[in-house]
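The values are calculated or read from the model by the stated rules, or taken from the named source; none is laboratory data. What you are looking at is a predicted structure, and each value in this text was computed from that prediction instead of being measured. No Cβ is skipped: glycine too gets one built from the backbone with ideal geometry, and neighbour counts run over all protein chains shown.
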Amino acid sequence: MPNFIQAASLSLAALVLAVAPLASRAEQTRADAQKDPVLNAMLTELDRNQGQLQLKGFEKPFFIQYRLEDIDDYQTKADFGAGTGEERRRQRVVRVTVRVGDYKVDSSTARGDGSIQLASLDNDPLALRASLWQATDQAYKAALAAYSRKQAALKQVQTPPQADDFSQEKPVILLEKTVELEPRPVDWSKLVAGASGLYRTDSALAEVEHTVQYATAGFHARAVNTYLVNSEGTIVRKGQTAYDESFAVGTQAADGMHLDRSYASNGSALADLDSQEAFNKHAASLVASLAELRKAPLVEEEYHGPVLLSADAAADTIHELVAPAVAATRPELGTEARTKGAFASSLHARVLPDFLDITDDPALKTWKDKNLAGAYAVDDEGVPAQTVKLAVDGRLESYLIGREPVRDFPRSNGHARAALTGPAQPTIGVLRVSAKGGLSDADLNAKLLAMAKDRGLKNVYYVETLGPELTPRLLYRVGADGKRELVRGATLDDLDQRALRSGILAAGQDPYVANYDGAIPETVLAPALLLEDVTIRRANEKNDKLPFYPPPD
Amino acid sequence: MVLPIFALFAPFALHAQQTPTLPPLLDTMTVELQRAMGSLGKQGADDKAKQAPPYFLSYSVADADSVAIRAQYGALVDSSQNHERVVDVQVRVGDPKLDNTHGTHRGSAVNTVALPVSDDRKAIARSLWLATNSGYGTALDNYLRVKTEAEVRAKEEDTSGDFSEEKPQISVSTPAPAPVVDKAAWEDRVRSLSKIFRAYPDVYQNIVMLTAQSETDYFTSSEGSRLASPHQSARLIVFAVSRADDGMDLFRAQTFEAKTVDGLPAQPELEAAFKELGKSLEELRKAPLTEPFNGPAILSGRAAAVFFHEVLGHRLEGQRQRGDEEGQTFTKEVNKPVLPSFLSVADDPTVTTFGSTWLSGSYNYDDEGQKAKRVELIQDGVLKTFLMSRLPIASFSNSNGHGRGQTGRVPNGRQGNLIVTSTKAVPETELRKMLLEEAKKQGKPYGLYFEDISSGFAVTTRNSPQAFQVIPLVVYRVYVDGRPDELVRGVSIVGTPLAAMKRILATGDKSEVFNGECGAESGSIPVSAVAPAMLLTEIETQKQQQGTERPPILPNPSVTAAVATPVAAGKGL
């Protein structure tokens, strides 16, 4: 089938892409790294601690890792048409991890261990080394205490751990160029002020102007250069930029129900963001939609039946339900479990319908000219990112894992990434859901209506966008004739892993590209999904009082 | 709308004071406030549906422009600036006798939002509306609870009202100019000051921070107050940490204050002070541990200032005389002697310097829009009054301009510049002789000299009332037999510090200033305290609890002469 072949060759190309960048570079050495003053200071202090750090009567560390994040951050916000300020901040933070014991049993805990210190912005070697010296000392002492606690805890359980505490990996030397924030082509403060004021400056929105309760816009740019060295010989320098422009507006319906809309345009380069006109147009449409939402009737009390998720809504659903479940971390001590989470015991079991595949492919940098935020080459433990076939024909075949092994997965596949200053944990990079025999939008709609007819349902539902925690933002009741009517005040129930496993009847063709610019940048590519039996009911949340007095003119 | 126009004229008719032109921000705040007062409590189909209107509303905007430069280990870790405007909206529902701020509900009366940094009237008014609407809802809710609690609870000890009657204040001054800081020059200065500690490798951690702030406070109220009040401050802070071999944590801190960065001491003077701190910590590390002691002591002027702030000052805050949770140490002591008769204590926010030293706790109008006043708290040892906000207490029903708090908090009675004076002052050489005489009299081999003590407010800010504690930092034994003074470490003061204050025998004749940040329930505010050295006949001390951390295992990188031989490392892919 054409779609399948296309998907397969795309995967192959992606696989080739994953290997290419590392092989084509001339082999980099430690001497190359020492030309960088930051790396040089880190290596010097690492060598000193590796050679000499030992508390009399106790064991030396068997592993030391330094991770320095050089953060250049710019933010500006605006409310109601005027800026509330802008801030540019440059900061460096070091995070040091020390392990005592050995690869089989070491001092690591579930929380993620590390000592943090602010570090010098100047490339002053003594100052950089002083921060590292302090953090290493603290981390080592904490590791000694944690190691003796773990040895005591091991004696308390019958079932020994089913995997080593720390995986063996080949050291990597990878030195990328550092990144910087692009120079400002525009006055971002003015732009966000303008967007936040559209509710009153755009004459087309006059109808809603008085009802808007909050209208806020923001722009955020961040460049992070990460320097990583460890006692096994890994040396990594990598950089990532992220740009985000957001808008949010809200009001209350006549019955007091809060109605909120929000939108963000983000990417790794300024060019990825919507043009000013496009962004303002989108923002204006959000404001206008408030009028529709206010007029929209309340959703019916309870509905069970077919629901069509747009590709946008499907991506959010996958992000919420599947992304955390495919990450493998060490299970509770003393249990037989392989790992934790919703797919903890699902290896080789079916987790999705057999026409869906899921792959995590951090080497995929673009999709149809759109930059993918979750792409990266090396993770935050210094392990090169691998393309991982997570689900094949609906069956779970693998997990995303870092250097914390679980049963049957002794090695990292380069998926451990960290939020700024935080511990590295397995996370999705670019999660792709692809369907064999995906249907066009028209066919999906037809199928939805056919189901309505078959089951004698007056109406079915279409979800266009979701908010946080899978709350419907734009939900449409679809009549038997295909006519769509916006409804409000709904919550989705039974949209869980079971619904994904046995409730997806069909999928779309073109994936929606969802870039998540959260603590760790991620991307989900997913097609529309037609589900057989989802519950939609009234959220019945407490309706706050309407404003006690009208807003100023 | 017709209503606001009438509301605009009414307050001005009440007093003869000429109202100056209001700057755009203050004008927008005032117009919107009057619209709110005119509209709230008037909506609703009938009287039953109408909510109780607020009887008081105020908007307090802090327009703050600040610069911060920070160094650690001899290099820069932060250099940033920030400009923001934040408004505190205070809504009162009920009446001055009983309102939504009663008792434990006090904190609920204020809510805070960011405002535009430009004078965009429409945006400012919208933000104020949103915040006022939210604050009014909270006020109504809390007032309902207050009324219910009043019905079920036993009669309170202090039956004063919740809000004092005061005259509105009008004063519009030019806004504070933005701080002028030569960034490159100051980055270099802060860097090199932090580098000084490289000569003291056992000082394993240090922070040097320069802050410069310009703030203009705009205040408007439903009583007709209209204020625009500027304030500038600059501060250089150093905080240095070490640890003795037995695990005891040791630290020293010092701050330098001025109106602007140009007023801070020149670099050579700062360098000398920092070197002293480094030396002092190295000496403290080697100093012997103290033993329990009960005998005479001298507090240096600086130490006495901190002591009086912590031990006396906080206990004279008005709201502490009222309420079930409070200690109420001085509540019933008005017009009774609380200190030796040669001591007087005043709090005066209206003075900006003491000699040539700039004072941190100066202000023109407090955070409730009341004019700052010099208050004679203790005269010739007799307690006369307390530090009052607009919260009345049994013995005093009006504010004396000491209602202070940080953004987001309801102001409470707080200190400003606490000034201790003495009529029994002798030169410090004489004071030292008196210490030794007293020690001999009591049969003690030595007396103690407290050169420096810390509290919760030096550089760290603590918001809990445990800031009543003082931590001695530099203490010497002064021997009767004439041997040199001996530095000791680990001293902790025992017993009621208040009792110690009654045992002040005499004071020195030169006062010293302590500037810092003070933390309490209404948050962190800048303050100062001024006092001469003091001789106490008796102070009880014990050994302070030791820390459990060992000092760093490896030496400071700044002492390692050669680079360590690199361990063989893998070569990569």
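Computed values, structure above
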| read-out | value |
| --- | --- |
| Any hit, region A:86-98, residues being of a type in the set (A, V, I, L, M, F, W, C) and either outside any strand (DSSP E or B) or modelled with pLDDT under 95 (or both) | no |
| Qualifying residues in region B:153-172 (those that are without any contact (Cβ under 8 Å) to a residue 40 or more places away in the chain and either more than 29 Å from B:Asn400 (Cβ to Cβ) or of a type in the set (A, V, I, L, M, F, W, C) (or both)) - the one farthest from the other protein chains (Cβ to nearest Cβ) | B:Ala154 |
| For A:Tyr263: the one exception among (1) in a strand (DSSP E or B); (2) in contact (Cβ under 8 Å) with a residue 24 or more places away in the chain; (3) touching a Phe, Trp or Tyr at 6+ places or on another chain (Cβ under 9 Å) | (2) |
| Counted residues, region B:490-533 - those being out of contact with any Pro (no Cβ under 8 Å at 6 or more places or on another chain) and polar (S, T, N, Q) | 3 |
| Single residue of region A:412-457 satisfying the filter (touching a helix residue (DSSP H, G or I) at 6+ places or on another chain (Cβ under 8 Å) and not in a loop (DSSP other than H, G, I, E, B)) that is surrounded by the most Cβ atoms within 10 Å (Cβ to Cβ) | A:Leu431 |
| Considering residues of region B:541-558 that are more than 10 Å from chain A (Cβ to nearest Cβ) and at pLDDT 75 or above only, the residue farthest from A:Ile173 (Cα to Cα) | B:Thr541 |
| Condition met for A:Asn49 (surrounded by fewer than 20 Cβ atoms within 10 Å (Cβ to Cβ) and within 11 Å of another protein chain (Cβ to nearest Cβ)) | no |
| Any hit, region B:374-387, residues being closer than 18 Å to B:Leu227 by Cα and not acidic (Asp, Glu) | no |
| Residue within region B:247-255 that is touching a residue at least 40 places away in the same chain (Cβ under 8 Å), part of a strand (DSSP E or B) and in contact with an Asp or Glu (Cβ under 8 Å, 6 or more places away or on another chain) present | yes |
| Candidates A:Ala271, A:Ala283 - the one that is outside any strand (DSSP E or B), closer than 30 Å to A:Leu495 by Cα and more than 14 Å from chain B (Cβ to nearest Cβ) | A:Ala283 |
| Pick from region B:48-77, criterion among the charged types (D, E, K, R) and free of Cβ contacts under 8 Å to residues at least 60 places away in the same chain, ranking: farthest from B:Val117 (Cα to Cα) | B:Lys48 |
| Output for region A:131-154, where each listed residue is surrounded by 20 or more Cβ atoms within 10 Å (Cβ to Cβ) and either within 14 Å of chain B (Cβ to nearest Cβ) or within 17 Å of A:Glu69 (Cα to Cα) (or both) | A:Ser131, A:Leu132, A:Trp133, A:Gln134, A:Ala135, A:Thr136, A:Asp137, A:Ala139, A:Tyr140, A:Ala143 |
| Those residues of region A:342-356 which are in a strand (DSSP E or B) and in contact with an Asp or Glu (Cβ under 7 Å, 6 or more places away or on another chain), in sequence order | none |
| Residue within region A:173-185 that is acidic (Asp, Glu) and at pLDDT 95 or above present | yes |
| Candidate set from region A:63-84 (those that are of a type in the set (S, T, N, Q) and farther than 27 Å from A:Ser115 by Cα); member that is surrounded by the most Cβ atoms within 10 Å (Cβ to Cβ) | A:Thr84 |
| Some residue of region A:199-211 being more than 12 Å from chain B (Cβ to nearest Cβ), aromatic (Phe, Trp, Tyr) and in contact with a strand residue (DSSP E or B) (Cβ under 7 Å, 6 or more places away or on another chain) | no |
| Test: B:Gly161 is surrounded by fewer than 20 Cβ atoms within 10 Å (Cβ to Cβ) and not in a loop (DSSP other than H, G, I, E, B) | no |
| Residue within region A:513-533 that is surrounded by fewer than 21 Cβ atoms within 10 Å (Cβ to Cβ), among the hydroxyl-bearing types (Ser, Thr, Tyr) and modelled with pLDDT of 95 or more present | no |
| Qualifying positions in region A:294-341 - touching a Leu at 6+ places or on another chain (Cβ under 8 Å), hydrophobic (A, V, I, L, M, F, W, C), more than 25 Å from A:Leu372 (Cβ to Cβ) and in a loop (DSSP other than H, G, I, E, B) | A:Ala296, A:Val299, A:Leu333 |
| Close pairs from region B:276-297: first among the charged types (D, E, K, R), partner assigned to a helix (DSSP H, G or I), Cβ under 8 Å, at least 6 apart | none |
| In region B:490-523, residue surrounded by the fewest Cβ atoms within 10 Å (Cβ to Cβ) [restricted to those that are among the charged types (D, E, K, R) and at pLDDT 95 or above] | B:Lys510 |
| Filtered residues of region A:108-130 (kept if more than 7 Å from every other protein chain (Cβ to nearest Cβ) and part of a helix (DSSP H, G or I)) | A:Pro125, A:Leu128 |
| Breaking point among (1) over 22 Å from B:Gln319 (Cβ atoms); (2) at pLDDT 95 or above, for B:Pro201 | (2) |
| Members of region B:112-152 that are farther than 18 Å from B:Phe163 by Cα, more than 14 Å from chain A (Cβ to nearest Cβ) and of a type outside the set (D, E, K, R) | B:Thr148, B:Val152 |
| Residues that are within 13 Å of another protein chain (Cβ to nearest Cβ) and of a type outside the set (Lys, Arg), drawn from region A:235-251 | A:Ile235, A:Val236, A:Val249, A:Gly250, A:Thr251 |
| Every residue from region A:270-294 that is touching a residue at least 12 places away in the same chain (Cβ under 8 Å) and charged (D, E, K, R) | A:Asp272, A:Asp274, A:Glu292, A:Arg294 |
| B:Ser108 vs. criteria of a type in the set (Ser, Thr, Tyr) and more than 8 Å from chain A (Cβ to nearest Cβ) | yes |
| Neighbours by Cβ (under 9 Å, 6+ apart or cross-chain): first from region A:75-102, within 19 Å of A:Gly382 (Cα to Cα) and facing another protein chain (nearest Cβ under 10 Å); second in a strand (DSSP E or B) and among the polar types (S, T, N, Q) | A:Val93/A:Gln117 |
| Residue ranges of helices (runs of 4 or more DSSP H) in region A:131-227 with at least 2 members under 30 Å from the mean Cα position of the chain (by Cα) | A:188-196 |
| Some residue of region B:186-201 being of a type in the set (Asp, Glu) and buried (at least 19 other Cβ atoms within 10 Å of the Cβ) | yes |
